[in-house]
């Protein structure tokens, strides 16, 4: 019996020695960069100009593979701003909270969240881009879930809301 316990203990030591010294391999941890940007710019509508102003917090996280090459970049944007008709001073609030996911391995870009949200008091939502949008490497839409307008249409809706 003592011999079998000794053999069992030696067996366990061999297993621990063989498998207990396995090197752990892992990818580099993600890198995270955060910037805060305050801006103001104008754009034309048919009969008036609009000023867009606001602050955006942009947090970019880059993920790496085992070789240290980037595989995915996630950019999260928190935006709080206004759009103003420069002739009438009518101002509407514009808020957003969305993320771009750039898959560097398959070339797709995903936009998820609320990228435009402008409400006209007493009238309701004027512009709303929300959901999940996936583009291929050439910029073609390959998946849509939610409500999205092309950027030019969103700008036209902003002009209508401020007219």
Subset of segment 81-120, residues touching a helix residue (DSSP H, G or I) at 6+ places or on another chain (Cβ under 6 Å) and closer than 18 Å to residue 58 by Cα, comes to 116
Please give the strands (runs of 3 or more DSSP E) falling wholly within segment 59-163 in which 2 or more residues are loosely packed, with under 14 Cβ neighbours inside 10 Å and within 16 Å of the chain's Cα centre (by Cα). 141-147
Give me a count of the residues in segment 33-50 that are surrounded by 16 or more Cβ atoms within 10 Å (Cβ to Cβ) and assigned to a strand (DSSP E or B). 1
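No lab work stands behind these numbers, since they all come straight from the coordinates. Just so it is clear, the model here is predicted, and its values are computed rather than measured. Note: ideal-geometry Cβ built from the backbone for every residue, glycine included; neighbour counts use all protein chains shown.
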